[in-house]
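Notes follow once the structure below has been shown.
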Amino acid sequence: MTPQCHQKLSDEYDRLRNIERPEITKVIQWAAGNGDRSENADYIYGKKRLREIDSRLRFLGKRLGDAVVVNPETIESETIKFGATVTVIENDLEKVYYIVGQDEIDLSLSKISWKSPIGKSLLGKEEGDLVELNTPNGNKELEIVSVSYKAIP
């Protein structure tokens, strides 16, 4: 993952662990002190939210623990790898794709996963290469105009 993604996930982990979880725990303790828990909405919702937070913390902990942080600015390569900013021509239109990890996908910002069909087809290619891509709407041809490695917005 990119440094930006790692920071974003780390911030979420810290917020959940240090702010939200302690607040929900206090609500649950207060609600438990009110008596009958079977019809106590604060208690029931609090327990449900606590399970959601704990589940997300486990996911983020594993994700961050297994993460390999790759800074695109340190890569020097002519071929397309993780972290590349790729400019292509598709149907006479110029498009820019950012090759990122699964946690960073944002199609509205042209951030595509290296595991996606387009990402997979671009990996290992160089400037000037033509890439054939089979899609449900038929075949596409992408011409790679440029490959660069810079900070991904």
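Each value in this text was obtained by applying a stated rule to the coordinates, not by laboratory testing. None of the values given here were measured: they were computed from a predicted structure. Every residue, glycine among them, receives a Cβ derived from its backbone with ideal geometry; neighbour counts consider all protein chains shown.
Here are the numbers:
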{"quantity": "The chain, helix-only ellipticity at 222 nm - DSSP H runs n ≥ 4, -39,500 (n - 2.57), divided by all residues, nearest 500", "calculated": "-12000 deg cm²/dmol"}
{"quantity": "Amide H within-cut-off set for Gly101, under 5 Å, with H built and near neighbours excluded", "calculated": "Thr2"}
{"quantity": "Region 52-61 - phi-based ³J(HN,Hα) in whole Hz, Karplus 6.51/-1.76/1.60, Gly and Pro as x", "calculated": "4, 5, 4, 5, 5, 4, 4, 4, 5, x"}
{"quantity": "Cα-projected label distance for Ser55 with Ile19, points at 7 Å along beta-carbon direction, nm", "calculated": "2.3"}
{"quantity": "Listed candidates (i) -1.00, -1.26; (ii) -0.93, -1.07; (iii) -1.13, -1.30 - label of the one calculated as log10 I(q)/I(0) by the Debye sum over Cα atoms at q = 0.17, 0.19 Å⁻¹", "calculated": "(ii)"}
{"quantity": "Lysine pairs in region 3-66 with Cα atoms under 24 Å, if 8 or more residues apart or on separate chains", "calculated": "5"}
{"quantity": "Mean Cβ count within 10 Å, highest first, over the residues of peptides 2-10, 97-105", "calculated": "97-105, 2-10"}
{"quantity": "Nearest-0.05 FRET efficiency for Ser38 and Ser10, computed from C-beta distance (R0 25 Å)", "calculated": "0.05"}
{"quantity": "Dipole-positive endmost among Ile80, Pro3, Leu107 within the chain (Cβ charges, Cα centre)", "calculated": "Pro3"}
{"quantity": "Sites Glu126 and Lys62, calculated FRET efficiency, Cβ-Cβ separation with R0 41 Å, nearest 0.05", "calculated": "0.70"}
{"quantity": "J(HN,Hα) series, region 89-104, from Karplus relation 6.51 cos²θ - 1.76 cosθ + 1.60, nearest Hz, glycine and proline x", "calculated": "10, 10, 6, 6, 10, 8, 10, 10, 10, 10, 8, 10, x, 5, 7, 10"}
{"quantity": "Selected from Ser113, Ser55, Ser121 as most flexible by GNM, with the chain as the system and alpha-carbon contacts under 10 Å", "calculated": "Ser55"}
{"quantity": "Rounded Å value of the spacing that divides the Cα centres of region 90-153 and region 14-65", "calculated": "40"}
{"quantity": "Table column - 3J(HN,Hα) (Hz), region 22-39, Karplus curve with 6.51, -1.76, 1.60, x for Gly and Pro", "calculated": "x, 5, 5, 4, 5, 4, 5, 4, 4, 5, 5, x, 7, x, 3, 7, 5, 10"}
